[in-house]
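Below is one structure, written out as structure tokens; the observations come after it.
The values are calculated or read from the model by the stated rules, or taken from the named source; none is laboratory data. Please read these numbers as outputs of a predicted model, since none were measured by experiment. Positions of Cβ are generated from backbone atoms using ideal geometry, with glycine treated the same way; all protein chains shown enter the neighbour counts. SASA here: full protein model, heavy atoms, side chains in, ligands and nucleic acids out. Shrake-Rupley method; radii C 1.70, N 1.55, O 1.52, S 1.80 Å.
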Amino acid sequence: VNIAFDGSCNGYQNIAALTLDEETAARVNLLPNMDRQDIYGDVQATTAAKLPELVHGITRDTMKTPVMTIVYGSKKNQMGSHVRKADKTLSTEEAGTIGKEAYDTVGSICPSMLITRDWLQKVAGEHAQRGEAMRWTTADGLPVAQLKMVTKALRPKFKIGGKSIRLSQSVNTKEVSEGGMKNAVSANVTHSLDATHLRMVAAACASEGVPIGLIHDSFSTSAATAGRLFEIVREQFVRLYEQDVLGNLAKDLKSEDAPERGNLDIQGVLDTEYSFA
């Protein structure tokens, strides 16, 4: 029997820990001695209170994708399509209204999300204007690079069996894409953070002989070793964010205006019950 421990909205957990944002940390179960929290339910309740006329379309399911994807770079004008995909009974206008309100709600209850994303996109734009790749090194020493180029379409024409066939192929130019760099950076930085945690957990388990299965932010093992795995996952999360990850990232990205850090006691994660559950 395998027992799995999944992160509680893991993208938000990483950004909360990166910025030591206690308010966001509370929403994603990174504080000890708290009942189980549900960020999707929080956004649902706040959004529904602001839009009582659309409460029928504001469910946890319709909130999940909009909330989850903000940390990976989704913009306000994309929220409506996520909502309507979850509930096709909503009109495009209704879904758009709900999505925009959900976006604003996330910004108010999880302040580090939009602040960090906007900072990263600003830095990405600066790199693009200089024609440079973004480069940083993860806390466990893995070098990462992001470079998005402007593309152009080539449409070569062939004759096969007497018939003319035109193909379309997108190829990179030599110009760095500012839009591409901005759109990709939040997801790439966040994934580099959670991948670092994953590697640290895997290495710790290997050193102790704890069997492990991994799918992104889901860590599984046998029932006999589940208790120890739960400890390892939290220990390695704390070990990662005991370091000045944000300061090192800002230095690597040549930025002097990184988001201000809050007052989260990262050691408290060791005593959490629902951070990975």
Quick check: net charge around LEU198, other residues with Cβ under 15 Å of its Cβ, Lys/Arg +1 and Asp/Glu -1? -2
Is segment 1-146 rounded, prolate or oblate when judged by the Cα gyration tensor, a ≥ b ≥ c being the square roots of its eigenvalues, rounded requiring a/c under 1.5 and prolate requiring a/b larger than b/c? oblate
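Over all alpha-carbon pairs in segment 155-220, figure out the percentage whose distance exceeds 21 Å. Mind dumping the intermediate values first?
Values: 1270 of 2145 pairs.
Every Cα pair in segment 155-220 considered, those over 21 Å come to 59 percent.
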Taking alpha-carbon centroids only, segment 88-110 lies from segment 137-166 a number of Å equal to 34
Quick check: the angle from helix 111-129's long axis to the longest principal axis of the chain, C-alpha only, nearest 10 degrees? 40
With the 1.4 Å probe rolled over protein heavy atoms, segment 1-107 has an accessible area per residue in Å² of 46
Just the number, please: carbon plus sulfur as a percent of the accessible area of segment 194-251, 1.4 Å probe, no ligands or DNA/RNA counted. 55
Give me the percent of the accessible area of segment 1-116 that comes from carbon and sulfur atoms, probe 1.4 Å, all protein chains in place. 50
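Regarding the chain, what is the average projected area of its C-alpha convex hull, in nm²? Can you show the working numbers first?
On the way: hull surface 79.6 nm².
In nm², the orientation-averaged hull projection of the chain is 19.9.
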Rel. contact order, % - alpha carbon contacts under 8 angstrom, at least six apart, segment 34-160: 18
At q = 0.10, 0.18, 0.20 Å⁻¹, what is the base-10 log of I(q)/I(0) for segment 163-266 according to the Debye formula with one equal point scatterer per Cα and no solvent? Please give it to two decimals. -0.48, -0.97, -1.09
Under 14 Å, Cβ to Cβ, from ILE98 - net charge with Lys/Arg +1 and Asp/Glu -1: +1
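How charged is the neighbourhood of CYS110? Take every other residue with its Cβ under 10 Å from the Cβ of CYS110, and add Lys/Arg as +1 and Asp/Glu as -1.
Values: positive: ARG27; negative: ASP21, GLU23, ASP42.
In short, -2.
For the chain, what does -39500 (n - 2.57) per DSSP helix run (n ≥ 4), summed and divided by total residues, give at 222 nm, in deg cm²/dmol to the nearest 500? Can you show the working numbers first?
Numbers: 10 runs with 139 residues, N = 277.
About -16000 deg cm²/dmol.
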What are the GluC sites (Glu not before Pro) within segment 100-176 that DSSP puts in a loop, where the Cβ has at most 15 other Cβ atoms within 10 Å? GLU132
Above-threshold pairs, the threshold being 19 Å between Cα atoms, out of LYS122/LYS148; LYS148/LYS174; LYS50/LYS88; LYS75/LYS122; LYS76/LYS251: LYS50/LYS88; LYS76/LYS251
